[in-house]
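Following: one structure in structure tokens, then a few remarks.
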Amino acid sequence: MTQDLLNLEEFDEEALKAESAELLEIRFLTGDNAEFHRTEGGFVSLTVKGAPGAPSKEYARVGIYLTFPLTNPEEFISIREADEKAKEIGMIEKLSALPREQQEMLQEQIKLRYFMPVITKVLDIKDEYGYAYWNVVTTFGSCRFTTQMSGNAVIHLSDSRLLVTDIDGNRYEIPDFYQLGVMERKKLDLFI
């Protein structure tokens with residue numbers, strides 16, 4: 001047993017402190033210290049300029065995440081490495097502070113990540129065996145999906161705004177519950 005303990009990597013306290021300090025520090029990305037580029041595959045790469053005298057850092061692909069996707073989609077945008085750990089590289093305080101071309105590039109990526117059709121008509125909702133089977137019309141056409149009856153399948157974002165999440169994690173929005181017809185609202189009674 002002691003031999004096994006000796007074979008373990010030594011604990012590097014200084015490296016752990018440095019990594020922790022880096023994780024706790026928020027680096028704001030601006031048009032002055034960062035430049036986004038479109039890759040050949042349609043993704044986004046990033047060049048972060050180093051401090052004076054320090055080299056720039058290149059990221060071949062980055063992920064764009066909204067900190068407040070429903071309430072404030074234009075501010076505090078987290079830029080992360082595109083691997084499974086998704087370590088944060090930095091934060092964009094306001095998207096409008098970047099050059100127009102870069103804003104458009106990031107907005108395209110945000111639309112892909114946060115694709116959320118708006119439900120314009122509820123045709124039917126059937127409740128069977130703990131699942132709800134939805135048949136709706138969205139801003140992208142007719143759609144059928146399934147939600148669980150328990151849990152947080154339908155969340156109230158305000159008195160009239162609803163967010164529906166299906167069993168695959170896809171999200172749908174009902175911007176104003178009261179704009180739906182009486183029969184449509186009655187079908188939603190299971191969730192309200």
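The values are calculated or read from the model by the stated rules, or taken from the named source; none is laboratory data. Keep in mind that this is a model prediction, so the values were computed, not measured. All Cβ positions, glycine included, derive from the backbone under ideal geometry; neighbour counts span all protein chains shown. To get the accessible areas, we keep the full protein, side chains included, count just its heavy atoms, and leave off ligands, DNA and RNA. Shrake-Rupley method; radii C 1.70, N 1.55, O 1.52, S 1.80 Å.
Things to note:
- Filter pass, residue 116 being free of Cβ contacts under 8 Å to residues at least 60 places away in the same chain and within 24 Å of the chain's Cα centre (by Cα): yes
- Among the conditions (1) open to solvent by less than 80 Å² (accessible area, probe 1.4 Å); (2) in contact with an Asp or Glu (Cβ under 7 Å, 6 or more places away or on another chain), the only one that residue 70 does not satisfy is (2).
- Among the residues of the stretch 41-60, just one is part of a loop (DSSP other than H, G, I, E, B) and polar (S, T, N, Q), namely 56.
- Some residue of the stretch 107-119 being in a loop (DSSP other than H, G, I, E, B) and in contact with a Leu (Cβ under 7 Å, 6 or more places away or on another chain): yes
- Identity of the residue in the stretch 160-184, free of Cβ contacts under 8 Å to residues at least 24 places away in the same chain and touching a helix residue (DSSP H, G or I) at 6+ places or on another chain (Cβ under 8 Å), that ends up surrounded by the most Cβ atoms within 10 Å (Cβ to Cβ): 177
- Residue check: residue 76 meets all listed conditions (1) more than 20 Å from the chain's Cα centre (by Cα); (2) of a type outside the set (Ser, Thr, Tyr); (3) open to solvent by 50 Å² or more (accessible area, probe 1.4 Å); (4) closer than 21 Å to residue 94 by Cα but one, namely (1).
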